[in-house]
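> Supplied in C-alpha cells, the structure appears directly below.
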Amino acid sequence: MLGIAAWVAAYASLIPFADSASAALGLVRQTHLGEAVHFFFYDTPKVLLLLTGIVFLMGVVHTFVSPERTRAMLSGKRLGVGNVLAASLGIVTPFCSCSAVPLFIGFLSAGVPLGVTFSFLISAPMVNEVALALLFAMFGWKVAGLYLGLGLTVAILAGMVIGRLGMERYLEDWVRTMQATQSADYAGDTLHWAERIDAGVAHVKNIVGKVWPYIVAGIGVGAAIHGYVPEDFMASIMGKEAPWWSVPAAVLIGVPMYSNAAGIIPIVEALIGKGAALGTVLAFMMSVIALSLPEIIILRKVLKPPLIATFAGVVALGILMVGYIFNFAL
Amino acid sequence: MKVVKVLGTGCANCKNTLQLIAEVAQGRGAEIQLQKIEDLQQIMSYGVMSTPGVVIDGKVVHAGGVPARAKVESWF
C-alpha cells in the first residue's frame, strides 16, 4: 500500500519536478538547450514510473501463468482458435528470448501444432509489457491499444499461414525425434499472495534494473532530437508524403538492429514529434523487436533454412501491412 | 553428495543462478557437485521449457528464472 501511495504522489509531481530541475540549471524553455533539458527531466521519471507500475503488475500476473500451464492450454488445439489463444497467452506468459528454443521444442513435444507455436513465439517478444508500457507513457492508450491489437493480428495470421504451409518437415531432425518422447511435467508452485507480490517486486528489479540505462540513453537522444532537429525534418523521409518504399525500408533497416523496446521507443517518440508517420515508425519498431538476427541464429538450431526464411518473410510481411494500415488510417 | 545441474543456454540469468547455488551451498557447508548443462538436447530431456532450470539428483526442482535465495537455501 505504501508503495502505491508513493507511486501516485511521484506521478502527480512530474511537471513541477521538470520545471524546477530545468530552472535550477538556469535554463529557459524557449531555448534549444532548455527545451531539450526540460523534455529529458519530464520524460525520464514519467516513463520509469509507468514502466515500474506496469512491470510490477506483470510480475504478479506471471505467477499465475507459467509456460507449463500455457503449454497445457494449447496442447492439441486446432489452427485458428489455437492461434488466437497462443498469441494472447504470449502477452502474459513469462518469456525471455534466451529460452525461445526450449520453449519451442517443449510446445511441439506436447502436441501444440507448429503454426500455433509460432503464433506464441511471435507474440511473446513483440507484444510485451515493456513495449506497451512505454507506448502508453509516450503516446497514450490509443497507440498502445493499436499496437497491441495489430501485434496480436500479425502473430495470429503469421502463425496460421505457417501452419497451413505444413512445414513440419523443415524442423531439424533431432527436434522431430524429440517430439515422440513425452517428458515429465514439472508442477508449478502454489503461491500465497505475499509471494506473488514479492515476485512482482523481483520482476521490477530484474526488468527495470536492466532496461533503465537504455531508456535514459534513448530519452537523451530523443531529447536532443526534440530540442535541435527542425520541425518537419522527418516528414520528407518518414512522413506521410514520403514515397511508398519508406515502410519496407524502415523494416529492412530494423531487422539487423538488435535492441529492446526500451531503447527504441524514446527515439521513436522524438522522430514522430518531427513529422515522421506513425505507421512507418511502428513498422520500424516492430521489426527491430520481433525480427532480430540473434534470435534467428538461435532458431537455426531447431529450424531448417526454408522454415526460418518463411518465418522471417511472413512476419516481415505482417509488419509491412501494419505500417501501411497505420499510415493510411491515421 | 548432491549432484546439482543448472540447465541453461548461457544467458546472464543462468550464470547468476549457478553463482547463487555455489554461494549458498558453500555458506551452508553442503557438499555438492555443480554442473552446467548447455546442450539443448540434454536440457530438453528434462522437460524444462523456461531456462534457467535446476535439477538436483535427477529431479527438476526449479524452472524459469533465477530462484529466490530462500528457495535455494531450502535445497541444502
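> Assess whether residue A:276 counts as being outside any helix (DSSP H, G or I) and within 23 Å of residue A:135 (Cα to Cα).
On the way: outside any helix (DSSP H, G or I): yes; within 23 Å of residue A:135 (Cα to Cα): yes.
In short, yes.
> Related question: Which residues, taken from the range B:1-15, are exposed (fewer than 15 other Cβ atoms within 10 Å of the Cβ) and either of a type in the set (D, E, K, R) or under 27 Å from residue A:299 (Cα atoms) (or both)?
Listed by number, the residues that qualify are B:2, B:10, B:12.
> When residue A:23 is evaluated against the numbered criteria (1) among the small types (Gly, Ala, Ser); (2) within 14 Å of another protein chain (Cβ to nearest Cβ); (3) over 27 Å from residue A:130 (Cβ atoms), which criterion, by number, is the only one it fails?
For residue A:23, the exception is condition (2).
> Give A:62, A:38 a once-over and let me know the one that is under 30 Å from residue A:116 (Cα atoms) and surrounded by 16 or more Cβ atoms within 10 Å (Cβ to Cβ).
None of the other options fit; the residue is A:62.
> Determine whether residue A:269 is modelled with pLDDT under 85, charged (D, E, K, R), on the phi < 0 side of the Ramachandran plot and crowded, with 22+ Cβ neighbours inside 10 Å. Talk me through it step by step, then tell me what you get.
Working: modelled with pLDDT under 85: yes; charged (D, E, K, R): yes; on the phi < 0 side of the Ramachandran plot: yes; crowded, with 22+ Cβ neighbours inside 10 Å: yes.
So residue A:269 passes the test.
> Can you tell me how many residues within the range A:69-88 are within 13 Å of chain B (Cβ to nearest Cβ) and either buried (at least 17 other Cβ atoms within 10 Å of the Cβ) or in a loop (DSSP other than H, G, I, E, B) (or both)?
Final tally of qualifying residues: 4.
> With A:127, A:101 as the choices, which residue is within 9 Å of another protein chain (Cβ to nearest Cβ) and either modelled with pLDDT under 80 or buried (at least 24 other Cβ atoms within 10 Å of the Cβ) (or both)?
Checking each option against the conditions leaves just A:101.
> From the list A:107, A:118, A:136, pick out the single residue that is outside any loop (DSSP other than H, G, I, E, B), of a type in the set (A, V, I, L, M, F, W, C) and within 14 Å of chain B (Cβ to nearest Cβ).
On inspection, the qualifying residue turns out to be A:107.
> I need the full set of residues from the range A:1-42 which are acidic (Asp, Glu) and more than 25 Å from residue A:53 (Cβ to Cβ), in order please. Lay out the reasoning, then the answer.
Taking the range A:1-42 first, the residues acidic (Asp, Glu) are A:19, A:35.
The one that is acidic (Asp, Glu) and more than 25 Å from residue A:53 (Cβ to Cβ): A:35.
> Hey, residue B:64 hits all of (1) of a type in the set (Gly, Ala, Ser); (2) more than 13 Å from chain A (Cβ to nearest Cβ); (3) touching a Ser or Thr at 6+ places or on another chain (Cβ under 9 Å) but one; which does it fall short on?
(2)
> Just the residues that are under 9 Å from the mean Cα position of the chain (by Cα), farther than 17 Å from residue A:191 by Cβ and part of a loop (DSSP other than H, G, I, E, B), please, taken from the range B:42-76.
Result: B:52, single match.
> Also, I was wondering about something else. Taking the criterion of being surrounded by 17 or more Cβ atoms within 10 Å (Cβ to Cβ), within 28 Å of residue A:108 (Cα to Cα) and out of contact with any His (no Cβ under 8 Å at 6 or more places or on another chain), would at least one residue in the range B:29-40 satisfy it?
yes
> Scan the range B:42-60 residue by residue and report those that are at the interface with another protein chain (Cβ under 7 Å from one of its Cβ atoms), over 17 Å from residue B:12 (Cβ atoms) and touching a residue at least 40 places away in the same chain (Cβ under 8 Å).
Across the range B:42-60, the qualifying residue is only B:48.
> Kindly check whether there is at least one residue in the range A:37-59 that is in contact (Cβ under 8 Å) with a residue 40 or more places away in the chain, within 14 Å of chain B (Cβ to nearest Cβ), in contact with a Gly (Cβ under 6 Å, 6 or more places away or on another chain) and of a type outside the set (Asp, Glu).
Taking every residue of the range A:37-59 in turn, at least one turns out to be in contact (Cβ under 8 Å) with a residue 40 or more places away in the chain, within 14 Å of chain B (Cβ to nearest Cβ), in contact with a Gly (Cβ under 6 Å, 6 or more places away or on another chain) and of a type outside the set (Asp, Glu).
> What are the residues in the range B:45-63 that are crowded, with 19+ Cβ neighbours inside 10 Å and touching a Phe, Trp or Tyr at 6+ places or on another chain (Cβ under 9 Å), if any?
B:46, B:47, B:48, B:49, B:50, B:53, B:54, B:55, B:60, B:62, B:63
> May I ask you to list the residues in the range B:16-41 that are more than 11 Å from every other protein chain (Cβ to nearest Cβ) and in a helix (DSSP H, G or I)?
Initially, the range B:16-41 is screened for residues more than 11 Å from every other protein chain (Cβ to nearest Cβ), giving B:17-38.
Passing the criteria: B:17, B:18, B:19, B:20, B:21, B:22, B:23, B:24, B:25, B:26, B:27, B:28.
The values are calculated or read from the model by the stated rules, or taken from the named source; none is laboratory data. Not measured: the values here are computed from a predicted model. Glycine also receives a Cβ, built like all others from the backbone with ideal geometry; neighbour counts cover every protein chain displayed.
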